[in-house]
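**Q** I'd like to ask some things about the structure below.
The values are calculated or read from the model by the stated rules, or taken from the named source; none is laboratory data. Note that this is a predicted model, so its numbers are computed, not measured. In this analysis, Cβ positions are derived from the backbone assuming ideal geometry, glycine residues included, and neighbour counts consider all displayed protein chains.
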Amino acid sequence: MSQQAMQALYELRKDRLLCDATIRLDDGQVFHVHRAILSASSNYFRALFTTTLHGSEKTDVHLPGVNADVLNMLLEYAYLRKLKLNSQNVSAILVTADYLSFLGVIDLCCQYIKSNITPENCLGILKFARDHFCKQLEKEAERYVMRNFVAVAQNSEELLDMESEQLAELVGADELNVKSEEVVWECVLRWINHKPETRKHHIVKLMKNIRLGLLETQFFLENVKEHPFVTKNEACRPVIIETLRFLYDLEMITQKDGEVATPEIARPRVPHEILFAIGGWSGGSPTNFIETYDTRADRWVKVDQVDPTGPRAYHGTAVVGFNIYVIGGFDGMDYFNSCRCFNAVSKTWREIAPMNGRRCYVSVAVLRDLIYAMGGYDGHHRQNTAEKYDYKTNQWTLIAPMNVQRSDASATTLNGKIYITGGFNGQECMSSAEVYDPDINQWTLLTPMRTRRSGVSCIAYHGCIYVIGGFNGISRMCSGEKYSPATNTWAPIPDMYNPRSNFAIEVIDDMIFAIGGFNGVTTIYHVECFDERANEWYEATDMNIYRSALSACVIMGLPNVYDYIHKHRERLMEEKRQKLLAMESQRNANIQVNDINNNNIIIGPVGQNEEDEQMEQMAD
């Protein structure tokens, strides 16, 4: 019905005209209504007014426990589809709407609550959703708690009022999004310290749900093993011994017979972000190989659903929602303006609109769900043109050209702007950088970098633009630098372990990952990550194949995340053992025969009884 007609019916109800039913509340208030209108919005009233179980038509209804203000708002929704929600009334409206089966109101209330969920109120929302059987809201609230657990653990007052069983279930969840188990330990201590005398005996149950084997050994020895709640509770002793045995077993793992299983205390949790590494150049030709990185298990996992149209290298990737867009590139013969889209949920590929120009060595960035492709090489010229893609219209549109020609540059976004750095202009590797403001469609040159860099990678990280590696015209580099938009200055950062150009870069787990590339001699599969807080690079697990000219991207919150992570988490220790055995075998193969004559002392494996005795002593 038209809005005008519904407004007329609403006014008729207020004037008690043509109404054919009344609703009575406990406080004596009476509401005159039209049965047909209520039946169209509420399954409760539809069943009530249309059932044949009554001897006569039901026209006088008593609703016990319903608030008059809430009912008035529901009636306004039934007639006008209007609902004025706020933080004070949404709970009461949702409860009553659930009771009277106003499904549209339930959806609106759940959407309102989801849009206003915070680390401070998410646990209360989760409890409310469970109590009132709002399954979708419960699922959303649970996902929010898991994903934002660090903030919840540190800021939520609701957490302090949880029952011990609820907290144990929470901290034991595989989906808990924590980079370090230290956060989980500190959360448990915060909960106990709220009421220490009545809660400290729960430490054993809660410790069994923390992945103690994933803690740094020093942290476990100093902060867990020696904590008063632990030392004064004899029931903690078996947990401490089990953890010590695991932590120190790592040194003796190669001496074990049979398969070594990963214990529960060391089973990695499930990541909430998945890094995809797509395509590239491998073994002298392009590849369409795809693998994902499981940050919690520190493993790369092959993805079977490769692009059926074939391989490409020197391309760019961009993520919008659960879609990965693969932009431009080169297959060894053709320079592409074509673009492909992979949906990580349905695992299907499709073609999207081609760019206006062919772009190999293209730079790609995403801003406000628009994909930007800048510069590149079309087989004849290095380009300064740029364009943007709107997935809603499936259309590319040219934007203002850059100030200089750039191929093999790198781009990223920060504070609503696009930054592009380095590259090759056809004559030389460049140190220049510029920034694009989409609001005024204008590029502005920045202070040049400290070093010329082509085949470079750049990424926004902690409020700065980090530019890493590349080719300076002479050699591949392991150096990096960062740009501060506030001061328009560049500063050096620590060197990577490996020099590399044409590699992939992404931020995941609040660290910068440098992936693959070319070191000046060969294509590499090495991966390393940079943590600004430690101001240090760390080695990560290598990819499955050597490749350069690849591209990487990150998707958060995949509903089918288990499809992209290491599936045999119970075998991680066995995999580690096999790797150590292979390394040991290689070392032994390199030992010279005359080493046999040396007076080396060989220490045999520690017996099980001796090991148990050692762990008992350490627990003491």
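**Q** Which is part of a helix (DSSP H, G or I), surrounded by 15 or more Cβ atoms within 10 Å (Cβ to Cβ) and aliphatic (A, V, I, L, M), of Val70, Val66?
**A** Val70
**Q** Can you give me the number of residues within the range 516-542 that are within 16 Å of Phe471 (Cα to Cα) and in contact with a strand residue (DSSP E or B) (Cβ under 8 Å, 6 or more places away or on another chain)? Break it down into steps so the answer makes sense when it comes.
**A** Of the residues in the range 516-542, the ones within 16 Å of Phe471 (Cα to Cα) are 516-524.
Imposing the further condition that a residue be in contact with a strand residue (DSSP E or B) (Cβ under 8 Å, 6 or more places away or on another chain) reduces the set to 516-520, 523-524.
So the answer is 7.
**Q** Just to be sure I understand, how many residues within the range 243-263 are of a type in the set (S, T, N, Q) and at pLDDT below 70?
**A** Residues flagged as of a type in the set (S, T, N, Q) and at pLDDT below 70 within the range 243-263 amount to 2.
**Q** For the range 345-369, give me each residue that is part of a loop (DSSP other than H, G, I, E, B) and polar (S, T, N, Q). Don't jump to the end; show me each part of the working.
**A** Within the range 345-369, the first condition is being part of a loop (DSSP other than H, G, I, E, B), and the residues that meet it are 345-347, 353-359, 361-362, 368-369.
Result: Ser346, Asn356.
**Q** I've got another one for you. Looking at Glu158, Glu175, which one is surrounded by fewer than 21 Cβ atoms within 10 Å (Cβ to Cβ) and within 24 Å of the chain's Cα centre (by Cα)?
**A** Values: Glu158 fails: within 24 Å of the chain's Cα centre (by Cα).
Only one candidate qualifies: Glu175.
**Q** Is one or more of the residues making up the range 361-371 more than 30 Å from the chain's Cα centre (by Cα) and in contact (Cβ under 8 Å) with a residue 12 or more places away in the chain? So that I can check it myself, show each step before the final result.
**A** First, the residues of the range 361-371 that are more than 30 Å from the chain's Cα centre (by Cα): none.
No, the range 361-371 has no match at all.
**Q** Please determine, by comparing only the residues of the range 35-50 that are in a helix (DSSP H, G or I) and small (Gly, Ala, Ser), which one is nearest to Leu75 (Cα to Cα). Don't jump to the end; show me each part of the working.
**A** Filtering the range 35-50 for residues in a helix (DSSP H, G or I) gives 35-41, 43-50.
Next, from what is left, pick out any that are small (Gly, Ala, Ser): 36, 39-41, 47.
Numbers: Ala36: 12, Ser39: 11, Ala40: 12, Ser41: 9, Ala47: 17 Å.
Filtering first and then ranking leaves Ser41.
**Q** Where the second residue is crowded, with 18+ Cβ neighbours inside 10 Å and at pLDDT below 95 and the first is among the polar types (S, T, N, Q) and lies in the range 114-137, which pairs have Cβ atoms under 8 Å and are six or more apart or on separate chains?
**A** So the pair list comes out as Gln136/Cys110.
**Q** Next up: Go through the range 488-510 and count every residue that is aliphatic (A, V, I, L, M) and in contact with a Lys or Arg (Cβ under 8 Å, 6 or more places away or on another chain). Can you show your working first?
**A** From the range 488-510, those aliphatic (A, V, I, L, M) are 491, 493, 496, 504-505, 507-508; that's our starting set.
Then keep just the ones that are in contact with a Lys or Arg (Cβ under 8 Å, 6 or more places away or on another chain); that gives 491, 493.
Number of matching residues: 2.
**Q** Residues being in contact with a Ser or Thr (Cβ under 9 Å, 6 or more places away or on another chain) and not in a strand (DSSP E or B): count how many of those fall in the range 315-325.
**A** Total meeting the criteria: 2.
**Q** Another question, if that's okay. Only one residue in Tyr525, Tyr546 is over 23 Å from Ile418 (Cβ atoms), in the same structural domain as Tyr314 (by TED's automatic domain parsing) and not in a loop (DSSP other than H, G, I, E, B), so which one is that? Steps first, answer last, please.
**A** Values: Tyr546 fails: not in a loop (DSSP other than H, G, I, E, B).
One residue alone meets the criteria, Tyr525.
**Q** Report every pair of residues separated by at least 6 positions or lying on different chains whose Cβ atoms are under 7 Å apart, first residue within the range 160-179 and of a type in the set (Val, Ile, Thr), second in a helix (DSSP H, G or I) and modelled with pLDDT of 95 or more.
**A** Val171/Val184; Val171/Cys187; Val171/Val188; Val171/Leu206; Val178/Phe149; Val178/Val150; Val178/Val184
**Q** Right, something else. Considering the range 486-508 alone, what residues qualify as being closer than 27 Å to Met556 by Cα and either surrounded by fewer than 20 Cβ atoms within 10 Å (Cβ to Cβ) or free of Cβ contacts under 8 Å to residues at least 12 places away in the same chain (or both)?
**A** Within the range 486-508, Val507, Ile508 qualify.
**Q** State all residues of the range 73-103 that are touching a residue at least 40 places away in the same chain (Cβ under 8 Å) and either in a helix (DSSP H, G or I) or surrounded by fewer than 18 Cβ atoms within 10 Å (Cβ to Cβ) (or both); if no residue qualifies, say none. Break it down into steps so the answer makes sense when it comes.
**A** Within the range 73-103, the subset touching a residue at least 40 places away in the same chain (Cβ under 8 Å) is 75-76, 78-81, 94, 99-103.
Within the range 73-103, Leu75, Glu76, Ala78, Tyr79, Leu80, Arg81, Leu94, Tyr99, Leu100, Ser101, Leu103 qualify.
**Q** If a residue must be basic (Lys, Arg) and part of a helix (DSSP H, G or I), how many such residues does the range 221-246 contain? Walk me through it before giving the result.
**A** Narrowing the range 221-246 to residues basic (Lys, Arg): 225, 232, 237, 245.
Going one step further and asking which of them are part of a helix (DSSP H, G or I), we end up with 237, 245.
Total satisfying the criteria: 2.
**Q** Something else: What helices (runs of 4 or more DSSP H) completely inside the range 166-220 contain at least 3 residues that are in contact with a helix residue (DSSP H, G or I) (Cβ under 7 Å, 6 or more places away or on another chain) and within 26 Å of Lys139 (Cβ to Cβ)?
**A** Details: elements: 182-194, 196-199, 203-207.
Per the criteria, 182-194.
**Q** I'd like to know if the range 28-43 contains one or more residues that are among the polar types (S, T, N, Q), touching a residue at least 24 places away in the same chain (Cβ under 8 Å) and closer than 23 Å to Asp131 by Cβ. Reasoning before the result, please.
**A** Here is the first cut: in the range 28-43, the residues among the polar types (S, T, N, Q) are 29, 39, 41-43.
Going one step further and asking which of them are touching a residue at least 24 places away in the same chain (Cβ under 8 Å), we end up with 29, 41-43.
Retained after the next criterion (residues that are closer than 23 Å to Asp131 by Cβ): 42-43.
Among the residues of the range 28-43, at least one is among the polar types (S, T, N, Q), touching a residue at least 24 places away in the same chain (Cβ under 8 Å) and closer than 23 Å to Asp131 by Cβ, which makes the answer yes.
**Q** Could you list, in sequence order, all residues of the range 333-348 that are surrounded by 12 or more Cβ atoms within 10 Å (Cβ to Cβ) and either in contact with a Pro (Cβ under 6 Å, 6 or more places away or on another chain) or farther than 21 Å from Ala549 by Cα (or both)?
**A** Here is the first cut: in the range 333-348, the residues surrounded by 12 or more Cβ atoms within 10 Å (Cβ to Cβ) are 334-347.
Residues satisfying the conditions are Asn337, Ser338, Asn343, Ala344, Val345, Ser346, Lys347.
**Q** Assess whether Gly332 counts as being part of a loop (DSSP other than H, G, I, E, B) and within 25 Å of Asp378 (Cβ to Cβ). Give the steps one after another, and end with the answer.
**A** Values: part of a loop (DSSP other than H, G, I, E, B): yes; within 25 Å of Asp378 (Cβ to Cβ): yes.
For Gly332, the condition - part of a loop (DSSP other than H, G, I, E, B) and within 25 Å of Asp378 (Cβ to Cβ) - is met.
**Q** If you scan the range 509-526, which residues turn out to be under 14 Å from Arg299 (Cα atoms) and either surrounded by fewer than 22 Cβ atoms within 10 Å (Cβ to Cβ) or without any contact (Cβ under 8 Å) to a residue 40 or more places away in the chain (or both)? Quick ask: steps written out before the conclusion?
**A** Just the residues of the range 509-526 that are under 14 Å from Arg299 (Cα atoms), to begin with: 513, 515, 525-526.
If the condition is that a residue be under 14 Å from Arg299 (Cα atoms) and either surrounded by fewer than 22 Cβ atoms within 10 Å (Cβ to Cβ) or without any contact (Cβ under 8 Å) to a residue 40 or more places away in the chain (or both), then Tyr525, His526 are the ones that fit.
**Q** For the range 16-38, does any single residue satisfy the condition of being under 25 Å from Asn86 (Cα atoms), surrounded by 11 or more Cβ atoms within 10 Å (Cβ to Cβ), under 44 Å from the mean Cα position of the chain (by Cα) and among the hydrophobic types (A, V, I, L, M, F, W, C)?
**A** Yes, the range 16-38 has at least one match.
**Q** Which number in (1) outside the structural domain of Leu550 (by TED's automatic domain parsing); (2) buried (at least 17 other Cβ atoms within 10 Å of the Cβ); (3) out of contact with any Lys or Arg (no Cβ under 7 Å at 6 or more places or on another chain) marks the one condition that Thr262 misses?
**A** With respect to (1) outside the structural domain of Leu550 (by TED's automatic domain parsing); (2) buried (at least 17 other Cβ atoms within 10 Å of the Cβ); (3) out of contact with any Lys or Arg (no Cβ under 7 Å at 6 or more places or on another chain), Thr262 is out only on (3).
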